[in-house]
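The values are calculated or read from the model by the stated rules, or taken from the named source; none is laboratory data. Everything quoted here is computed from the prediction, not taken from an experiment. Here the Cβ positions follow ideal geometry from the backbone for every residue, glycine too, while neighbour counts run over all protein chains shown.
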Amino acid sequence: MPESNKEALQRLDAAHHLHPFTDGRALQQKGTRVIERGEGVYLWDADGNRILDGMAGLWCVNLGYGRQELIEAADAQLRQLPYYNLFFQTTHPPAARLAATLAGLLPGDLHHLFFTGSGSECNDTVVRMVRHFWAERGRPERRVIISRNNAYHGSTLAGASLGGMKPMHGQGGLPLPDMVHIDQPYHFGEGRDTDPHAFGLERARQLERKILALGPERVAAFIGEPVQGAGGVIIPPDGYWPEIQRICQKYDVLLVMDEVICGFGRTGHWFASEYYGLAPDLLCMAKGITSGYQPLGAVAVGDRVAETLINGGEFFHGFTYSGHPVACAVAQACIEVMQREQVVERVRDDIGPYLQRRWASLGDHPLVGETRGLGLLAALELVADQATLQRFPTDTGAGLICREHCFEQGLVMRAVGDTMIISPPLVITHEQVDELVEKARRALDLTL
Ligand code: PLP
């Protein structure tokens with residue numbers, strides 16, 4: 001794009017476009033980055049720079065950019081039936097087929113699917129569904145949903161309330177009533193002087209203490225991301241999830257896994273619940289379900305909850321674009337490609353372990369206090385002093401500085417405070433992993 005076109009676009013954007021999760025003043029001062037094209041794991045900006053997308057968009061473009069199979073599936077469905085709804089006893093082939101396909105992939109007895117248009121809508125659906133479930137079972141006082149500080153469950157009122165991000169709560173008077181939080185199992189950030197296993201168990205047992213403090217008869221569900229993504233790729237210590245499941249079962253609290261990031265191979269399993277040996281009552285998915293080519297989400301529902309819902313009369317809930325036919329057709333094609341190319345197995349046995357090995361090699365850099373990861377998720381912690389693991393003062397902005405150096409190197413890496421995180425497309429090659437790690441190292445050198 002000629003310079004003048006780019007600048008004209010930036011001017012239009014600055015004048016009329018309010019961006020999500022963006023500091024408006026910074027945008028007015030620095031202008032927007034214009035991304036024009038994608039192919040495989042790479043993006044091209046309006047200046048012609050090639051950028052390795054270490055975040056797969058927003059954790060979603062798992063099959064990479066430019067996949068013909070997904071484009072053709074969308075094209076064919078747009079011609080066949082571009083839209084119809086699923087309300088009032090109606091279905092269409094893409095939604096019915098996709099529900100059956102997902103039921104065959106999901107762990108445990110998650111045999112029923114409620115479609116939405118996004119991850120946030122999944123979590124709003126969860127809130128309404130679990131409260132409706134308990135009301136139908138004659139326990140309407142079971143309304144409280146417990147989640148975790150620093151969790152991310154979306155941006156709608158319910159999603160942001162379930163989430164535990166204080167700046168989000170601060171805007172709009174959240175959380176909504178009957179949504180409470182316990183601490184996260186963030187060992188490096190909040191317990192690095194303690195044994196990780198003991199720390200994980202202690203954090204899980206906060207759930208039991210919270211249930212007892214509230215009164216078990218009031219608690220409807222616990223919701224958590226298997227690995228907290230937006231909070232900084234926080235991987236719970238072993239023992240954490242089994243203990244959470246044990247506590248949920250003991251008090252008959254529904255277990256909801258938010259697999260909006262972790263689902264569809266990100267951890268080397270179709271769903272991370274399999275990896276952690278969990279049998280959730282509900283499971284949320286979005287993002288990788290279509291590789292980000294179409295907006296789609298789904299709540300998978302176990303037999304017990306589904307039976308109550310089915311026999312409970314009309315559930316007054318749904319979205320115009322619940323299970324949009326084009327999105328469902330793309331999801332079906334996406335799953336078929338993943339199966340044909342054994343994408344999940346490759347993440348588990350080959351590219352996941354390779355990325356983790358290469359990523360761990362950054363641990364010798366003087367700015368790095370910890371590296372961690374699972375599958376194709378990884379994080380590193382920036383520290384001012386590697387020997388003592390002392391953090392930078394918060395106003396240093398080391399994470400943001402490092403992120404900008406990554407961009408200059410042609411790499412998208414995200415900063416959550418001073419935690420640098422990646423979540424590249426699942427189709428990344430060994431050579432591209434090497435490129436990612438080399439660029440990350442150069443960015444760290446420049447951040448020093
Ligand atoms: N849940 C999790 C775990 C997420 O990471 C996200 C988005 O990043 C959401 C929910 C919200 O999804 P969406 O942005 O599609 O509404």
Original post:
Taking the range 263-285, which residues are on the phi > 0 side of the Ramachandran plot and of a type in the set (A, V, I, L, M, F, W, C)?
Top reply: Phe264
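Where in the range 345-448 are there strands (runs of 3 or more DSSP E), lying wholly inside it, with at least 2 residues that are out of contact with any helix residue (DSSP H, G or I) (no Cβ under 7 Å at 6 or more places or on another chain), within 23 Å of Met165 (Cβ to Cβ) and in the same structural domain as Ile234 (by TED's automatic domain parsing)?
Where strands (runs of 3 or more DSSP E) fall fully within the range 345-448, none carries at least 2 residues being out of contact with any helix residue (DSSP H, G or I) (no Cβ under 7 Å at 6 or more places or on another chain), within 23 Å of Met165 (Cβ to Cβ) and in the same structural domain as Ile234 (by TED's automatic domain parsing).
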Original post:
Just checking, how many residues over the range 413-431 are under 19 Å from Gln356 (Cα atoms) and either in contact with a Pro (Cβ under 6 Å, 6 or more places away or on another chain) or surrounded by fewer than 20 Cβ atoms within 10 Å (Cβ to Cβ) (or both)?
Top reply: 4
Original post:
Do we have Leu380 as of a type outside the set (Ser, Thr, Tyr), at negative phi and surrounded by 23 or more Cβ atoms within 10 Å (Cβ to Cβ) here?
Top reply: yes
Original post:
Could we say that Pro242 is of a type outside the set (D, E, K, R), under 25 Å from Ala379 (Cα atoms) and in contact with a Pro (Cβ under 9 Å, 6 or more places away or on another chain) here?
Top reply: no
Subject >> Criterion violated by Gly48 - all others in (1) part of a loop (DSSP other than H, G, I, E, B); (2) within 16 Å of the ligand (Cβ to nearest atom) satisfied >> reply: (2)
Original post:
Is it true that Pro140 is more than 16 Å from Cys284 (Cβ to Cβ) and assigned by TED's automatic domain parsing to the domain that holds Val233?
Top reply: yes
**OP:** Go through the residues of the range 306-323 one by one and say whether even a single one is within 16 Å of the ligand (Cβ to nearest atom), of a type in the set (A, V, I, L, M) and in contact with a strand residue (DSSP E or B) (Cβ under 7 Å, 6 or more places away or on another chain).
**Re:** no
**OP:** Tell me which residues, restricted to the range 86-102, are farther than 25 Å from Phe264 by Cα and not β-branched (Val, Ile, Thr).
**Re:** Phe87, Phe88, Gln89
Original post:
What's the number of the condition Glu408 fails, among (1) modelled with pLDDT of 95 or more; (2) more than 26 Å from Asn49 (Cα to Cα)?
Top reply: (2)
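Given the criteria farther than 21 Å from Pro424 by Cα, within 16 Å of the ligand (Cβ to nearest atom), β-branched (Val, Ile, Thr) and in contact (Cβ under 8 Å) with a residue 60 or more places away in the chain, does Ile261 qualify?
Considered against the rule, which asks whether it is farther than 21 Å from Pro424 by Cα, within 16 Å of the ligand (Cβ to nearest atom), β-branched (Val, Ile, Thr) and in contact (Cβ under 8 Å) with a residue 60 or more places away in the chain, Ile261 comes out as no.
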**OP:** Taking only the range 225-247 into account, find how many residues are free of Cβ contacts under 8 Å to residues at least 40 places away in the same chain and more than 16 Å from the ligand (Cβ to nearest atom).
**Re:** 3
Subject >> Verdict on Thr156 being within 16 Å of the ligand (Cβ to nearest atom) and surrounded by fewer than 22 Cβ atoms within 10 Å (Cβ to Cβ) >> reply: yes
Original post:
What are the residue pairs meeting all of these: first residue in the range 303-317, first residue touching a residue at least 60 places away in the same chain (Cβ under 8 Å) and of a type in the set (Phe, Trp, Tyr), second residue surrounded by 11 or more Cβ atoms within 10 Å (Cβ to Cβ) and part of a helix (DSSP H, G or I), Cβ atoms under 8 Å, and 6 or more apart or on different chains?
Top reply: Phe315/Arg128; Phe315/Met129; Phe315/His132; Phe315/Leu309
Subject >> Tabulated pairs, the range 44-63, first under 21 Å from Tyr293 (Cβ atoms), second within 16 Å of the ligand (Cβ to nearest atom) and acidic (Asp, Glu), C-beta under 8 angstrom, 6+ apart or interchain >> reply: Val61/Asp53
Original post:
When you look at Glu336, is it outside any loop (DSSP other than H, G, I, E, B), surrounded by fewer than 24 Cβ atoms within 10 Å (Cβ to Cβ) and away from the ligand (no atom under 16 Å from the Cβ), yes or no?
Top reply: yes
**OP:** Among what's in the range 113-149 and is in a loop (DSSP other than H, G, I, E, B) and within 25 Å of Ser291 (Cα to Cα), pick the residue that is farthest from the ligand (Cβ to nearest atom).
**Re:** Gly117
Subject >> Members of the range 292-305 found to be farther than 21 Å from Leu426 by Cβ and within 16 Å of the ligand (Cβ to nearest atom), listed by number >> reply: Val299
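Here's the yes/no breakdown for (1) of a type outside the set (Lys, Arg); (2) surrounded by 11 or more Cβ atoms within 10 Å (Cβ to Cβ); (3) on the phi < 0 side of the Ramachandran plot:
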residue	(1), (2), (3)
Leu9	yes, yes, yes
Asp13	yes, yes, yes
Arg37	no, yes, yes
Trp44	yes, yes, yes
Gly54	yes, yes, yes
Gly64	yes, yes, no
Ala73	yes, yes, yes
Original post:
Where residues in the range 265-284 are in contact with a helix residue (DSSP H, G or I) (Cβ under 8 Å, 6 or more places away or on another chain) and under 13 Å from Gly229 (Cβ atoms), which of them is surrounded by the most Cβ atoms within 10 Å (Cβ to Cβ)?
Top reply: Arg266
